[in-house]
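Undergrad: Have a look at the structure that comes next, please.
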C-alpha cells in the first residue's frame, strides 16, 4: 500500500524550484538613492544594489528550507530564457519604488490575469503586514487592470510579456524616495525580516494549495501565522 505523504510547514518548500529576479541588476541602475544622509555608511547608491542584496538574503532564507533557489538578472530576454529553462514553480521579481512625492510610502504586489499568481500575491501580502513598511492602498494589484500610467505599464508589461512561467509576482517593497521606507529597506535587520516573512508567505501559498476547496490563503484581512 502506497504511503500518503503529509507536508508540514518545515518541509513544504523542500526541492521546489523558486526563481528570484532582482530588478535592474546587470541591466540598469533603477531608481537612484538621493537621500545620502539616510544611507550613509550602507554603501547603497541605487535601487539595483538594494534589490540584489534583498534577493540574496531571501535566497539564503529559502535555502534553509531546502528550496532549490536560483537568482537571475539582466535583460527581459535573458530572464525569459532562464525561466523557460528552469521551469520554476514560483517566480518573484523584487523591486523598490520611487515617486516625486516623498510622503508616498508602502509596499505593493503585482500579478497578471492568473489566479495562482493572485493567490501567491495575497499570501505574501498578508505576511508583509507584520513589517514596519505599511501596505499601500489596494496593495495587491492586477497589472492589466490597474496600471494605466506610462512608466508603470512599460515596466510591468515587459515582465509579464517576456516571463511566461506562473505563478509570477512582482514585489515593490517600499519607496526609496520616502525617508522611513529608505531607512528600513537599507537596514540589514529589516532585510532579514523581509526574507523571513516572504518565505512564510510562500509557505502559506503552498500549504493552502493542499487544502481542497478550503478557500485558505487569500485576503488582506487574514493574519500570517508564523
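The values are calculated or read from the model by the stated rules, or taken from the named source; none is laboratory data. Predicted, not measured: the structure shown is a model, and the values here were computed from it. A quick note on method: Cβ atoms are made from the backbone with ideal geometry, for glycine too, and the neighbour counts reach across all protein chains shown.
Undergrad: Applying the selection to segment 60-81, what residues are buried (at least 18 other Cβ atoms within 10 Å of the Cβ) and in contact with a strand residue (DSSP E or B) (Cβ under 7 Å, 6 or more places away or on another chain)?
TA: Listed by number, the residues that qualify are 62, 67, 69, 72, 73, 79.
Undergrad: Checking the structure you have, find out if any residue of segment 208-219 is at pLDDT 65 or above and buried (at least 20 other Cβ atoms within 10 Å of the Cβ).
TA: So the first thing to find is which residues in segment 208-219 are at pLDDT 65 or above, and the list is 208-210.
This time we only want the ones that are buried (at least 20 other Cβ atoms within 10 Å of the Cβ), so: none.
No.
Undergrad: Within segment 104-146, can you find the residues that are in a loop (DSSP other than H, G, I, E, B) and under 22 Å from residue 158 (Cβ atoms)?
TA: Within segment 104-146, 112, 113, 114 meet the criteria.
Undergrad: Still on this structure: Looking at the structure I just gave you, is residue 63 at pLDDT 95 or above and more than 22 Å from residue 133 (Cα to Cα)?
TA: So residue 63 passes the test.
Undergrad: Might you check whether a residue that is outside any helix (DSSP H, G or I) and touching a residue at least 40 places away in the same chain (Cβ under 8 Å) occurs anywhere in segment 43-54?
TA: Checked segment 43-54: at least one residue is outside any helix (DSSP H, G or I) and touching a residue at least 40 places away in the same chain (Cβ under 8 Å).
Undergrad: Moving on. Tell me yes or no: at least one residue of segment 149-158 is at pLDDT below 95 and under 23 Å from residue 89 (Cβ atoms).
TA: Taking segment 149-158 and keeping what is at pLDDT below 95, we get 149-158.
Now restrict to residues that are under 23 Å from residue 89 (Cβ atoms): 156, 158.
Scanning segment 149-158 turns up at least one residue that is at pLDDT below 95 and under 23 Å from residue 89 (Cβ atoms).
Undergrad: Starting from segment 153-179, keep only residues that are on the phi > 0 side of the Ramachandran plot and surrounded by 16 or more Cβ atoms within 10 Å (Cβ to Cβ), then list their pairs with residues that are assigned to a loop (DSSP other than H, G, I, E, B) and at pLDDT 95 or above whose Cβ atoms are within a distance under 8 Å, requiring at least 6 positions of separation or different chains.
TA: 174/105; 174/106; 174/133
Undergrad: Hey, another quick one. Picking from 77, 61, which residue would you name as being over 21 Å from residue 208 (Cβ atoms), outside any loop (DSSP other than H, G, I, E, B) and in contact (Cβ under 8 Å) with a residue 24 or more places away in the chain?
TA: So the residue among 77, 61 that is over 21 Å from residue 208 (Cβ atoms), outside any loop (DSSP other than H, G, I, E, B) and in contact (Cβ under 8 Å) with a residue 24 or more places away in the chain is 77.
Undergrad: How about segment 13-27: which of its residues are assigned to a loop (DSSP other than H, G, I, E, B) and surrounded by fewer than 20 Cβ atoms within 10 Å (Cβ to Cβ)?
TA: 14, 15, 16, 26, 27
Undergrad: Checking residue 78 against (1) out of contact with any helix residue (DSSP H, G or I) (no Cβ under 8 Å at 6 or more places or on another chain); (2) at pLDDT 95 or above: exactly one of these is not met. Which one?
TA: All conditions are met except number (2).
Undergrad: Next up: Of everything in segment 127-144, what is in contact (Cβ under 8 Å) with a residue 60 or more places away in the chain and more than 18 Å from residue 169 (Cα to Cα)? Give them in sequence order.
TA: Those that are in contact (Cβ under 8 Å) with a residue 60 or more places away in the chain and more than 18 Å from residue 169 (Cα to Cα): 130, 131.
Undergrad: Something else now. Quick one: residue 101 ticks every box in (1) modelled with pLDDT of 95 or more; (2) surrounded by 15 or more Cβ atoms within 10 Å (Cβ to Cβ); (3) outside any helix (DSSP H, G or I) except a single one, so which number is it?
TA: Tallying (1) modelled with pLDDT of 95 or more; (2) surrounded by 15 or more Cβ atoms within 10 Å (Cβ to Cβ); (3) outside any helix (DSSP H, G or I), residue 101 fails exactly one: (2).
Undergrad: For residue 3, indicate whether it is over 13 Å from the mean Cα position of the chain (by Cα), modelled with pLDDT under 95 and assigned to a helix (DSSP H, G or I).
TA: No, not satisfied.
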